Every structure is written in structure tokens, then in C-alpha cells.
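The values are calculated or read from the model by the stated rules, or taken from the named source; none is laboratory data. Computed from a predicted model, the values in this text were never measured in an experiment. When we count neighbours, we look across all protein chains shown, and the Cβ atoms used for this are built from the backbone with ideal geometry, even at glycine. What goes into the accessible areas is simple: the full protein's heavy atoms, side chains included, and nothing from ligands, DNA or RNA. Shrake-Rupley method; radii C 1.70, N 1.55, O 1.52, S 1.80 Å.
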Amino acid sequence: MWMESFNRVYGRTNNPYDPSRIVGGSSGGEGAIVGSGASLFGLGSDVGGSIRMPAFFNGVFGPSAARASSPTAASTPSGDGAAGILSTGPIARRAEDLSMLVRILAGPHESDANTKPIPLLDPTQVDLSRVRVLNVPDDGRTYVSPRCGASQKRVAEHLRSLGCQVEERRFVRRRRPSTSGPAARLAGDAVRHAARQRRSGRACRAGQAADAALGAHAAGGHPGRGERITDLAPGHTRAMVEQGRLLRAELDEALAGDTVMLYPPYGMVAPKHDVPLLWPFLWVYTAILNVMQLPVTQVPLGLDPRGLPLGVQVAAGHGHDHLTLAVAHELERAFGGWVRPSI
């Protein structure tokens, strides 16, 4: 439930491109071992960016595919407290692996007996020149570094060169739509997880540190604290949920048809260890897409001058996972995708 990956058996997990930096979480171990070249692919779970942040920080692909999720039947803990926003997905070094892995994960599963699975369309059959691109450089409130912003701009210009209609767009008209909304929703949906932690006597090491350093501001990073805040401010929570509904309707309209959205994966490249405690809400760039229940793929874009991975999120409308995967294939070809670590 935090962005650092640590356990008392193996200790802290380090980034394969710079051991002084984080690998992300919660699927940080998977991101690190795939990014280092030691595993062909991995499997992660994503309730607020736990696939896409590790994929970004470790220079690999990570689709949080809306159709590839069957969390309540196959996950432990069950994930029922985050129903609708928890996704299971692969982490891989090559874009060509993604479609196969997403198709396998999408089922059908035994738990899908009463539902008819939506087939995944073939990403290789997408005519990218007919795809409309919304380039959203930030949420209007949360920091994005110039280097990350410049890499996303290069992606937009490349897609324009292919014939795509590219439009710069922001979704910031509502009060704090991309910070308070996801924090309230994720904190509320984590109630059962927090209760299990208390009953079992376990505590999240990073969450405890965040509580001590940031108090109530760490609500999104620690479910126990978030539960208490949502209990104390039910009116505020209801307002945030309503704003989320309005934002989802706006996104559904904007992403209709063959449209994709470029969005930052985080406010900066992989930070140093413990630095996320000083920037506790940069994860909103991944979390908002869970809350909106959109298919999205994190795509690596090579390395910055310091040798750290760059990347971009590619999101699409509901049921259009194939568009995000098609763009991932093209961006791998154009920008090089995964780069073997040199350390």
C-alpha cells in the first residue's frame, strides 16, 4: 500500500538503473526484476498505480487493463474493498508480449460464469493515422518535471507525424478533481484492508512513516488514516465522489471512438529512496485512471541523460484496451522501449 517496496526478509528493493532510487509499489519487486532483465514478464495488481508506477520507474511496460481484472475471485486479500478500481495486469519488457498476456488474464475465468467477456480486438490491426490523440500535460495542480513533460510532448509530436489528430487538453475545471477525488475514493475503498491490518496486528512500515511525517495529509498513502478522515468528513467525501462522476462523464465523452489520451505516469523520474514522503500526492497521475476505470498502458520511452527511465501513460475509453496496446507498439518502435540497465 505504498510506493516503496520493502520487506523484513529481503529488505529494500533497489532500482536496477540506480540503486539509490525507488522501484515503486506495490508491485515494485516485479517491476525491478523485469526491468533488470532477470524475468521475461511479471504479474501485478493495481489499485492506484501499483503496476504502472513500477513499470515507469523500471523502464518497462505495464498495462492496467480494464478487461483483464477478476480481482475478487483470484486475489488475496480478495480486493472486494476496492471493487471496480482494482486491476490485475502484466509487467513486461516487450510490447509484443502485452496483447497475449492481457488476453490470457481477461479470461474467461470460472468466476465469470454469469458474464459474457468482451473480446480483445487485435492491436496490430489499428490504423494509427485515424486515431485521435488528447495530450494532457498535467492536471493543473500537481507537479510534473520539465524533463517528463518534454518526453510526453515528443510522443505527441511523433503521433502527429503519423497523421494523428493531436489536441492538447486539460481536465481541471472542477475543484481538485485529480487529488482529493482519488484520495477520498481510495481511502474509502481501503476500509476493509485497514480493518484486516488492525485485526492481524500488522502495520505498513512506509505507511507508519508517512503518518508520522505528514499526519492527515498522508490519507491517500495509508488506508487506516484515510478511513478515519472519510468517517469524519462524510459530506466532503460525497462531494468528491460526485465530482468523480462528473469527471468520468467528461472523460467518456472526450475518449469516445478511436481516441487515446497521453498522461504523465508520475511527477518525476524514479525518485531517491524516501523522497515520496515529501511529495505524497504525485501518484494521483496513476490513481485517477483507476478511479475513472479506464484501460491504460504505461509505455517506456528510453532513458534520460542520467540513465533513468522515461515514460508516458496511454489511456483510452472503456473497452478500448486495444488502442492503448497499439500505441504502445508504435512508441516502442519509435523510442526504443526498454533499455538494458548498465549497472
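Using a Förster distance of 45 Å, how high is the FRET efficiency between R141 and I104, based on the Cβ-Cβ distance and rounded to 0.05?
Values: r = 38 Å, r/R0 = 0.85.
E between R141 and I104, to the nearest 0.05, is 0.75.
To the nearest 10 square angstrom, how much accessible area does R160 have with a 1.4 angstrom probe?
Around 110 Å² of this residue is reachable by solvent.
Could you order H236, H322 so the one with the most accessible surface comes first? Probe is 1.4 Å.
Working: H236 85, H322 15 Å².
From most exposed to least exposed: H236, H322.
If one computes P(r) from the Cα atoms of the stretch 232-286, what percent of pairs lie at distances over 13 Å? Mind showing how you got there, number by number?
Numbers: 1086 of 1485 pairs.
Percentage above 13 Å: 73.
With N residues in the stretch 2-42, what two-decimal value do you get for its Cα radius of gyration over 2.2 N^0.38 Å?
On the way: Rg = 9.5 Å, N = 41, 2.2 N^0.38 = 9.0 Å.
That works out to 1.05 for the stretch 2-42.
Compute the separation of the alpha-carbon centres of the stretch 11-31 and the stretch 311-340 and state it in Å as a whole number.
Measuring centre to centre over Cα atoms gives 22 Å.
Got a number for the accessible area of I343? Probe 1.4 Å, square angstrom, nearest 10.
About 120 Å², ignoring ligands and nucleic acids.
Mark the label point 7 Å from the Cα of R340 along Cα→Cβ and return the residues of the stretch 23-40 whose backbone N is within less than 11 Å of it.
37
Hey, with R₀ at 51 Å, roughly what FRET efficiency would W279 and E96 work out to, going by the Cβ-Cβ distance, to 0.05?
Values: r = 34 Å, r/R0 = 0.67.
Once the sixth-power term is evaluated, E becomes 0.90.
To the nearest 10 Å², what's D127's accessible area with a 1.4 Å probe?
Per-residue accessible area (D127): approximately 80 Å².
Give the span of the stretch 226-343's Cα atoms along each principal axis, as three whole-Å numbers ordered largest to smallest.
51, 41, 16
Could you order Y17, Y285, Y10, Y143 so the one with the most accessible surface comes first? Probe is 1.4 Å. Let's see the in-between values first.
On the way: Y17 20, Y285 0, Y10 190, Y143 95 Å².
Descending order: Y10, Y143, Y17, Y285.
Identify, among G317, L331, Y266, the residue whose Cα sits farthest towards the positive end of the charge dipole of the stretch 235-343, taking +1 on the Cβ of Lys and Arg and -1 on the Cβ of Asp and Glu, with the dipole about the Cα centre.
Y266
Go through S50, S39 and list them by solvent-accessible area, largest first, probe radius 1.4 Å. Walk me through the intermediate numbers first.
On the way: S50 15, S39 35 Å².
Output order, biggest surface exposure first: S39, S50.
At what distance in angstrom do the alpha carbon centres of the stretch 37-66 and the stretch 261-296 lie from each other?
The distance from the Cα centre of the stretch 37-66 to that of the stretch 261-296 comes to 13 Å.
Taking only the alpha carbons of the stretch 285-343, what extent do you get along each of the three principal axes, in Å, biggest first?
38, 23, 15
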